[in-house]
Every structure is written in C-alpha cells, then in structure tokens.
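One structure is given here, and the rest of the page talks about it.
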C-alpha cells in the first residue's frame, strides 16, 4: 500500500501526492485524478500499478479537496489552473519518479485524461502517455505536437469526450506522422471506474487495462 508524500515542483513549491512503490520496479507512472479529486479510487489505481511492477505517483491537484457530487466536481475542475497543474504539479511528479530510476509515463482519467495529453505535449521528461476518455482544448495542448508513444481509451457513448473529438485527436496525430494506439469501446464515459455504478463496464475496463500493460511493457 502506498502513502502520501510531498514532492518538489519546478518553481520550488511543493505538492502532495499518493506514492505507491513496487519491488524491483520496471518503470514509473504518474496517475492523474478524475474531476472528483485524489480519492480512494485513484489511490487504489496507484496501488494496483505497484502490484504489477510500476512505481506510481498520483498528485493531489485539488490540494486536499475531494467530492462525490458532480456539480462540485465540475466547479473544482473549472477552478483548476491547467497550465500550472501541467507545468508544475505533473512535471514535478515526473521528476520525482525519474529520480527513482527508469522511464516515466503519464496516465489519467476524464480530467486526468485531458491532462495526460497536456503532459505528453509539454513535459519533455514524459516517456509515454495513456489517456482514458479526456481531451484538452487544442489551444492548450495540440495532440499534433505529441512526440512520445501514446495510447488512448475512449467510450463511444460519451457526450463529454465525444467520438467526434476522438476522431479529431487521432486525425491530428496521424497527420503529424504519429502512430497513436486508439481504442474505442461500446461503453459510457468512466467505464474504467469501478466506483461508477452507471458507467463501469468490467469487460471493457479489463481489456483496456491489459492493453495498457502491454503498451507500458513495450515503452518503459
């Protein structure tokens, strides 16, 4: 089981996060929260990574705030400084894991999926990205500028990260000469979140997890 730590940001500040270490780690991964905050479910994902051999650090982007109410989660997400979160909190997390040895990938869900794209664009030390149903505005992070291995898992029944947006991301990356691994599932947004009563799809979630592990084994 992991534990809360404090790590350094590039600007000299500090951010807290949940760190789960693996024995004889074969790589590292930054786990980026959904719009709910750094809750037990996200910490559980970090622990799950550690059990399969990856050091995992989940930064607390909301600085201790967590909610289970959608309206409040939306308010927290809208209040997040995405540039600061990317260039400081996520970059700091990547740097902290890099000191443990080995390459560092970034993976996130929903809001964290959008920030995964941003990390792949803006953080040079990021070695790979795995995005779950989240895409940021191209003005902030143009997927055409991604230059690292990228895998995306998206839901066909998603009115936030829509199929049209996924198609545009794939087209932009391929148009820039990239070869992203893009997977589409006949499922709802948040299909990989086992706490989501309405959306969780165990078959799709397991398939995405297995595909992700194969991807990480190849690139980390």
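Given an 8 Å cut-off on Cα distances and at least 6 residues of separation, report the relative contact order of the stretch 70-209 as a percent. Intermediate results must be reported in sequence, preceding the final value.
Numbers: 248 pairs, mean separation 22.7, N = 140.
Relative contact order for the stretch 70-209 comes out at 16 percent.
In the Gaussian network model of the chain, springs joining C-alpha atoms below 10 Å, which of 126, 110, 204 carries the largest mean-square fluctuation?
204
When the Kirkwood hydrodynamic radius is evaluated over all pairs of different C-alpha atoms of the stretch 155-220, what value in angstrom, to one decimal, is obtained?
Details: mean 1/r = 0.0768 Å⁻¹.
The answer is 13.0 Å.
Using only alpha carbon positions, build the gyration tensor of the stretch 3-219, then give the equivalent ellipsoid semi-axes as the square roots of 5 times its eigenvalues, largest first, whole angstrom. Could the numbers behind the result be given before it?
Values: eigenvalues 101, 77, 67 Å².
For the stretch 3-219, the ellipsoid semi-axes come out as 22, 20, 18 Å.
Using a 7 Å offset from Cα along Cα-Cβ at residue 67, what residues in the stretch 82-105 end up with backbone N under 18 Å from the label point?
82
Assuming 0.36 nm per residue, please report the length gained on full extension of the stretch residue 14 to residue 99 beyond their Cα-Cα distance.
Additional length available on full extension: 29.0 nm.
I need the fraction of alpha carbon pairs in the stretch 11-80 separated by more than 15 Å, rounded to a whole percent. Show your work: numbers first, answer last.
Details: 1287 of 2415 pairs.
Roughly 53 percent, once rounded to a whole number.
What share of the DSSP beta bridges in the chain is antiparallel, in percent to the nearest 5? Working shown, then result.
Details: 10 of 33 bridges.
Around 30 percent of the beta bridges assigned by DSSP in the chain are antiparallel ones.
Each reported figure results from applying straightforward, stated rules to the coordinates on display, with no laboratory input. Keep in mind that what you see is a predicted model, and the values were worked out from it rather than measured. Cβ coordinates were reconstructed from backbone atoms using ideal geometry, including for glycine residues, and neighbour counts include every protein chain displayed.
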